[in-house]
Amino acid sequence: MTAKFNFRHSLVLLFFLSLNISLFAQGADYTVTGKVIDNDLKVPLEYATVSITNVNDPSKVTGGVTDIDGNFAIEVAKGTYNIKIEFISYESKVFKNRTVNADLNLGTIALGISSASLDEVVVRAETTQVDVRLDKKIYNIGKDLTTAGGTVSDALNNVPSVSVDVEGGISLRGNENVRILINGKPSAMAGFGSTDVLSQLPADAIERVEVITSPSARYDAEGTAGILNIILRKDKTLGFNGSLTLTGGDPANAGASANINYRTEKYNLFNTTGYRYRKSPGYGYNDTEYFQTRQDALLDSVPYNRNIEDRDMDRENKGFNTNIGLEYYINDQSSITGSIFYRNGDDEDLTTNRNEYLLDGTPQLGTTRTELETEEDESYQFAVNYINKFDDNGHQLTADFQFDTDKEEQAAFINEITDYNNTDKNNINIPREETNTLEKQKEYLVQADYVLPIGEESQFEAGYRGNFENTITDYELRQENENGELAINQNQTNIFDYTENVQALYTQYGSKFGDFSFLLGLRLENTNLKGRIDSELTEAELREEFGFQINTDFDNNYLGLFPTVNIIYELGKEENITLGYNRRINRPRGWFINPFPSRSSRTNIFQGNPNLQPAFSNAFDLGYLKRWEKLTFTSSVYFQRETDAFQRVQDQITISGPNGSQVQVNRTLPINLGTNDRLGGELGLLYNPTDWLRLNGSFNFFQFNIEGEFEGRDYSQKNNSWFGRFSSKVSLPLGIDWQTNAFYMGPTDEIQGERKGMLSIDLALSKDIFNENATLSLNASDLLNSRKRQGTTITDNFRQYSEFQWRQRQINVSLIYRFNQQKNQQRKQNRNEEDMEGEF
């Protein structure tokens, strides 16, 4: 009975299955097949997208993706169709008006790397390390093991030509006047020009970094050193896919981030969300010898000629960020993308500063100063992008609107007590201090770009960008009075309202003839810098307080032309020479402008200068690239002349203290010094001797010649410096990857002293698990705990030796789990292929 029952049910099931197949076949009579491969490497392209649109009824769209071997098979009904084959970073291929009245085999379809635009970015996520373009070099850092579980700042520190100092300051070829862009635009993600936010965003959110040392006219003229453009991930694969990253480390470091993408034929939904908790212990040390005996009013006129500061920093940072966006495909040629970025930071920093005051080598007094600083920061960014591709040859129009807002509240509670007292001064009381800062920022961006191909080898481009930014800083300093109460110090309390408006029109033309390619551009840019200081002091009283003239209400306009020239000459298929020229501007920003001093140390302060004017530069860059089978060599020589260059000088001033007292402090002040000529060269080698070993090294040497004076003192100086980095990646047995990164910044002479060299080494181990759906990584950042800034400053009044370490050695363990994201098949088959693309 059971056998009969099962047999009958099987017949019924077979009947209904046959019926369903028959009904489906009525709407899908034929099969479209084919195979998609890489045109150069001749390997299959997995997950290439195939879309089939009915010519008579465009609303009827079907499609699919290729399998691991690059094959596809899609059933369609009888009709006439447009068939489109796509793969990220590759040229699309379209078969128009194909009549399907029988099975259709399109054969082998070879897709080549996209080159529709002369300066288009092309990076193959797994196989390309660096790509050379007319005006930039593009580095894919997604597979850098040493940054697993790290931040964007950590990742940038491994990019050639780029260095990140111990405080997170970013330099390009040793020049810190670099412009940071996110996805080609200024962004709240980059902290409105500050680099602090980059230490909070996860490194795995980056797809690539563009190092633009000779920017074309398309880019903002800001940044005399050039531009770093950080491109964030936005997956294009059909369906639902993503990755999850978990991180833990010592000192305390915990984080979780997720990249999620869902794409259909009509829209692409993407999201990156992350949370980070980190403790970052650090320290600072200052040993200051004064050339004459000092007396400190706050210490009841205690005399001393030497002060030793030993500072411990215990920072706790908590941050959440998310970026969600939707790209809607209006039709095959146009789309609109909207995105929202949100970031929240909650930090608490405790700084303990131990001071010893000595007279002729004899300890006079010891104090301990503690500062508890809290900071709450909240940012929003709303962005809309529209793109209309008039054809498949690069003729397109894009338009962008972006609004950013940020609110930051800081409070610092400062208390200092005496540890010992060997003087005849009794009952020494050091007044308490409290600072409160409220900073609000708003920024609007409006941009439009038009690209018109002319023939097959030329291109015309024009556009407009308007950037409108306002920052209001409300700063209040309270100090303990004779009654033990906290009273406002009116001399150092103010509201600073600063506006920066930049509008620009640009045009550029590029062409290729024979072995030459060129891109010529001209940008007309107007900069409007306005500031108003609301203070109880008059301008005359401010000059008396701080020692230099301060304009409390200024409105400055700067109109300038910024030409760019970029040329590539192909000596051969694997060899080329590049030549670039550009004129740039460096605008004073943020804390460089606000004239009211910081209070992290009672004897060492930083003060902004509202009299700063923009600096301008003219730069030339000559590059050479040669690629052999296993070796790639890159090099360049560059020269830059900057006028009104920013420099920081230290001096000694007397400012107002509590109860009407006068306090002597060592001040760091940014100024427009004069001219700064930079001449340098850089070399890069990428060597893959075997399929299990990969070596990468770069060296940058530069000379700067500074000429200028300030307040009657000549600060002219000529000096050399250099930095180099080396990276090796070894594939070990059991599928383990081992990577080592080393970075050394050479010593240099400063305009008021010298800075010692600095060495940093990072190590990492990585292994794919769970059938290559997950990666487990262990890395050690600053293995030798040697990433410290050390140097000596000499002025007319004092000599100071200082050390500073922003963050101690960090050890992280991270797990990255990918769902519906298989590793690129062509990487497995071609690990010994070249890692540099020289196309442009």
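Quick look at the values:
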item: Matching residues in the stretch 448-499 - criterion: being in a loop (DSSP other than H, G, I, E, B) and over 29 Å from Pro588 (Cα atoms); result: Gly455, Glu456, Glu457, Asn481, Glu482, Asn483, Gly484, Glu485
item: Test: residue in the stretch 790-805 that is touching a residue at least 12 places away in the same chain (Cβ under 8 Å) and over 27 Å from Asp651 (Cβ atoms); result: no
item: Residue in the stretch 314-333 that is surrounded by 15 or more Cβ atoms within 10 Å (Cβ to Cβ), closer than 30 Å to Tyr267 by Cβ and small (Gly, Ala, Ser) present; result: yes
item: Some residue of the stretch 566-577 being assigned by TED's automatic domain parsing to the domain that holds Leu622 and either among the basic types (Lys, Arg) or assigned to a loop (DSSP other than H, G, I, E, B) (or both); result: yes
item: Of all residues making up the stretch 372-405, the number that are part of a strand (DSSP E or B) and farther than 30 Å from Arg432 by Cβ; result: 21
item: Pairs where the first residue, in the stretch 361-387, is crowded, with 19+ Cβ neighbours inside 10 Å and the second is part of a strand (DSSP E or B) and of a type in the set (Val, Ile, Thr), C-beta under 6 Å, 6+ apart; result: Gln364/Val302; Leu365/Val302; Thr367/Thr418; Glu371/Thr351; Glu371/Ile414; Asn385/Thr337
item: Considering residues of the stretch 440-452 that are crowded, with 20+ Cβ neighbours inside 10 Å and over 14 Å from Phe401 (Cα atoms) only, the residue farthest from the chain's Cα centre (by Cα); result: Val451
item: Selection within the stretch 655-685 - in contact with an Asp or Glu (Cβ under 6 Å, 6 or more places away or on another chain) and either of a type in the set (A, V, I, L, M, F, W, C) or closer than 30 Å to Gly724 by Cα (or both); result: Asn672, Gly674, Thr675, Asn676
item: One residue from Asn741, Asn705 being surrounded by 14 or more Cβ atoms within 10 Å (Cβ to Cβ), touching a strand residue (DSSP E or B) at 6+ places or on another chain (Cβ under 8 Å), assigned by TED's automatic domain parsing to the domain that holds Asp677 and touching a residue at least 40 places away in the same chain (Cβ under 8 Å); result: Asn741
item: Residues within the stretch 423-460 that are touching a Pro at 6+ places or on another chain (Cβ under 6 Å) and farther than 30 Å from Tyr506 by Cβ, tallied; result: 1
item: One residue from Leu695, Leu622, Leu679, Leu686 being surrounded by 21 or more Cβ atoms within 10 Å (Cβ to Cβ), assigned to a strand (DSSP E or B) and of a type in the set (A, V, I, L, M, F, W, C); result: Leu686
item: Failed item, numbered, when Asn427 is tested on (1) under 30 Å from Gln492 (Cα atoms); (2) in a strand (DSSP E or B); result: (2)
item: Near pairs, Cβ below 6 angstrom, 6+ apart or cross-chain, from the stretch 618-637 (in contact (Cβ under 8 Å) with a residue 40 or more places away in the chain) to any residue that is among the basic types (Lys, Arg) and in a strand (DSSP E or B); result: Phe633/Lys626
item: Among (1) modelled with pLDDT under 70; (2) crowded, with 22+ Cβ neighbours inside 10 Å, the one test that Ile230 misses; result: (1)
item: Conditions (1) modelled with pLDDT of 90 or more; (2) over 26 Å from the mean Cα position of the chain (by Cα): number failed by Lys788; result: (2)
item: Selection status of Asn355, over 29 Å from Gln664 (Cα atoms), part of a strand (DSSP E or B) and assigned by TED's automatic domain parsing to the domain that holds Glu289; result: no
item: Complete set of residues in the stretch 453-474 that are among the small types (Gly, Ala, Ser), under 25 Å from the mean Cα position of the chain (by Cα) and closer than 30 Å to Ser517 by Cβ; result: Gly463
item: Residue under evaluation Gly255, criteria (1) at pLDDT below 80; (2) crowded, with 21+ Cβ neighbours inside 10 Å; (3) of a type outside the set (Val, Ile, Thr), criterion not met; result: (1)
item: Residue within the stretch 525-547 that is exposed (fewer than 15 other Cβ atoms within 10 Å of the Cβ), of a type in the set (A, V, I, L, M) and within 30 Å of Gln652 (Cβ to Cβ) present; result: yes
item: Output for the stretch 641-676, where each listed residue is touching a Ser or Thr at 6+ places or on another chain (Cβ under 6 Å), at pLDDT 90 or above and surrounded by fewer than 18 Cβ atoms within 10 Å (Cβ to Cβ); result: Thr643, Thr675
item: Selected residue (criterion: modelled with the lowest pLDDT) from residues of the stretch 35-53 that are assigned to a strand (DSSP E or B) and closer than 22 Å to Thr264 by Cβ; result: Thr49
item: Single residue of Asp419, Asp406, Asp391 found to be in contact (Cβ under 8 Å) with a residue 60 or more places away in the chain, acidic (Asp, Glu), surrounded by fewer than 15 Cβ atoms within 10 Å (Cβ to Cβ) and in the same structural domain as Ser280 (by TED's automatic domain parsing); result: Asp419
item: Thr437, sole failed condition from (1) part of a strand (DSSP E or B); (2) in contact (Cβ under 8 Å) with a residue 40 or more places away in the chain; (3) surrounded by 15 or more Cβ atoms within 10 Å (Cβ to Cβ); result: (2)
item: Residue among Tyr498, Tyr509 that is crowded, with 22+ Cβ neighbours inside 10 Å and touching a residue at least 40 places away in the same chain (Cβ under 8 Å); result: Tyr498
item: One residue from Ser280, Ser243, Ser301 being modelled with pLDDT under 90, surrounded by fewer than 16 Cβ atoms within 10 Å (Cβ to Cβ) and of a type in the set (Gly, Ala, Ser); result: Ser301
item: Residue match in the stretch 675-682 (condition: more than 29 Å from Thr564 (Cα to Cα), among the basic types (Lys, Arg), out of contact with any His (no Cβ under 6 Å at 6 or more places or on another chain) and assigned by TED's automatic domain parsing to the domain that holds Gln752); result: no
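The values are calculated or read from the model by the stated rules, or taken from the named source; none is laboratory data. The structure presented is a predicted model; accordingly, all values stated were derived computationally and were not measured. Every residue, glycine as well, gets a Cβ built from its backbone with ideal geometry; the counts of neighbours run over all protein chains shown.
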